[in-house]
């Protein structure tokens, strides 16, 4: 750290200072803002000193707001009491937005019904204080800003409720991290009885509305900034009139403003989402890291935790011979979970590696690979030496008064270790932070690791102050998460590849190089650990690939046995995953492949594919197409047949 941000009174890290200006003072598109085309542009416009305020409140701004509000400063047409004509800016492609209500801590507070003042909606709260809503045209988009003043207490969240959105055929339920999924949902769909984090009525960061009535395209609503707070969506209502809550999760930090929301529309669904990704990239305080396609071998999806020096060497020699024999790029050789005794004891090594990791990583480097290791930096097992010696280094649970339990394994399966419970490392504790720095510097500078797969990263951003007690209070969950991730990046340096798994998708832009975009691939076609996640989530998250990070669809399955997939299904999944132009790896023994599977992997590694498009994204087709993109322009159009009779149809 080298200073503090004046706007948000938070530390500015060295990485963030590499971009011109404070990240807290920047808002995307500020210099491009213009008025809605139906509104006359004032001759002169002044901005206020507050970088998050749409204008200074001077005469020019008053003229603009009065013009946008229309005659009398209010709208008609049944919009509801106290709603500015700015609401018309939100209606696009037949999707109609009603008058919003303010939300505080997830509920609509008692208020006066709202009034208009110079084009701004103001609600006076019964408990004291006021909420201000500004809706402003900004080039091809609309900006929505919300703030509260005079409330006198810190908030868990602040946002808006839109009750009765019409004209929506489907909406995007956009998950928050690698494993919770993203897919299009019909309005009125109930939450279901599955895990709450995967409910179709919960989303994060942004959403997209597909209009009814045969209209094409999409309307996208989302936040541009994801490095400070979490943006959360909740959906309800009926098939005809849906309800949407959108909130900034402030985590009782004392912040009084939401993240700016942006709404825009486009003719193609995926390109509209890609436009949102570009806005996020432009708004990020750190420039995105988008390396060339990552290829290699990972131990997990074949060996799992049953690894030792001998078996790793056997697979290393097979990978080297395969690469050299075929002349294909195979750059990474990564040892996954199984070499440390307990999570948290990252400098200890199991007896199966008697010489330690340094000589083994040196062998990997000598074979021409980038050596990689696996870690879960936020997790600490209750049987670990770290927890026994430093119980004050883990997050405490406000509800139980004990160490917070993020995962538990009380039965037969215990994650290949002795621990029954897994706690969360408190990265705000100075001694815990120093330990993490020492671990990563040891791995990189002494052991020789050049690729880090950081897993279970979601647990650093799961808990707010209503549940978690951190050593340093007053931070948002995203500020805590980024403190860990920036510390890791600074410890490993800019040249080491950092891949996030179980990772918040949007908060790590500029820190991670690659992000897993779905569940573990598994060995079946249906179910939680199966092909379903890849086929669904790669399509809905592909828009960020190559813009915010490199997409990791997980390892390609090539072996002939020990799975429940048909030959056609394996062929489809391999081509589908590699067609994204992102991470392309396998865990299978590269000296034991069938000739046709060997040829398949050679073809995928040698491909010039740099990305892809999904033209039917948002439809319910079971025959999606994938338009490949290459360094020379458009490539092959792959068409797939999903279902139990899955296969490639062209």
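Only residues that are touching a strand residue (DSSP E or B) at 6+ places or on another chain (Cβ under 6 Å) and free of Cβ contacts under 8 Å to residues at least 12 places away in the same chain were counted across the stretch 370-396, and they come to 0. Among the conditions (1) surrounded by fewer than 14 Cβ atoms within 10 Å (Cβ to Cβ); (2) touching a residue at least 40 places away in the same chain (Cβ under 8 Å); (3) in contact with a strand residue (DSSP E or B) (Cβ under 6 Å, 6 or more places away or on another chain); (4) within 28 Å of residue 289 (Cβ to Cβ), the only one that residue 606 does not satisfy is (3). Being in a strand (DSSP E or B), free of Cβ contacts under 8 Å to residues at least 60 places away in the same chain, under 25 Å from residue 536 (Cα atoms) and touching a helix residue (DSSP H, G or I) at 6+ places or on another chain (Cβ under 9 Å): is that true of residue 222 here? Considered against the rule, which asks whether it is in a strand (DSSP E or B), free of Cβ contacts under 8 Å to residues at least 60 places away in the same chain, under 25 Å from residue 536 (Cα atoms) and touching a helix residue (DSSP H, G or I) at 6+ places or on another chain (Cβ under 9 Å), residue 222 comes out as yes. Among the residues making up the stretch 562-590, those that are surrounded by fewer than 19 Cβ atoms within 10 Å (Cβ to Cβ), outside any loop (DSSP other than H, G, I, E, B) and out of contact with any helix residue (DSSP H, G or I) (no Cβ under 8 Å at 6 or more places or on another chain) are 567, 568. Considering the stretch 81-90, and only residues there that are more than 27 Å from the chain's Cα centre (by Cα) and either surrounded by 17 or more Cβ atoms within 10 Å (Cβ to Cβ) or part of a helix (DSSP H, G or I) (or both), the residue that is modelled with the highest pLDDT turns out to be 89.
Of the residues 493, 518, only one is surrounded by fewer than 22 Cβ atoms within 10 Å (Cβ to Cβ), in contact (Cβ under 8 Å) with a residue 40 or more places away in the chain and out of contact with any strand residue (DSSP E or B) (no Cβ under 8 Å at 6 or more places or on another chain); which? Outline the logic, then answer.
Working: 518 fails: surrounded by fewer than 22 Cβ atoms within 10 Å (Cβ to Cβ).
One residue alone meets the criteria, 493.
The residues of the stretch 590-603 that are without any contact (Cβ under 8 Å) to a residue 60 or more places away in the chain and more than 18 Å from residue 329 (Cα to Cα), listed by number, are 594, 595, 596. Only a single item in (1) more than 19 Å from residue 233 (Cα to Cα); (2) surrounded by fewer than 23 Cβ atoms within 10 Å (Cβ to Cβ); (3) touching a strand residue (DSSP E or B) at 6+ places or on another chain (Cβ under 9 Å); (4) modelled with pLDDT of 95 or more is not met by residue 313, and it is number (3).
With the condition kept exactly as written, say whether any residue in the stretch 546-555 is out of contact with any strand residue (DSSP E or B) (no Cβ under 9 Å at 6 or more places or on another chain) and surrounded by fewer than 23 Cβ atoms within 10 Å (Cβ to Cβ).
Yes, there is a match, as at least one residue in the stretch 546-555 is out of contact with any strand residue (DSSP E or B) (no Cβ under 9 Å at 6 or more places or on another chain) and surrounded by fewer than 23 Cβ atoms within 10 Å (Cβ to Cβ).
Apart from one condition, residue 162 fits all of (1) assigned to a loop (DSSP other than H, G, I, E, B); (2) over 18 Å from the mean Cα position of the chain (by Cα); (3) closer than 25 Å to residue 105 by Cβ; the exception is (1).
Identify all residues within the stretch 398-451 that are in contact (Cβ under 8 Å) with a residue 60 or more places away in the chain, more than 22 Å from residue 339 (Cβ to Cβ) and touching a strand residue (DSSP E or B) at 6+ places or on another chain (Cβ under 8 Å); write none if there are none. Across the stretch 398-451, the qualifying residues are 398, 404.
The values are calculated or read from the model by the stated rules, or taken from the named source; none is laboratory data. Owing to the predicted nature of the structure, the values given are computational and were not obtained by experimental measurement. Cβ sites come from the backbone with ideal geometry, for glycine too, and all protein chains shown count toward neighbours.
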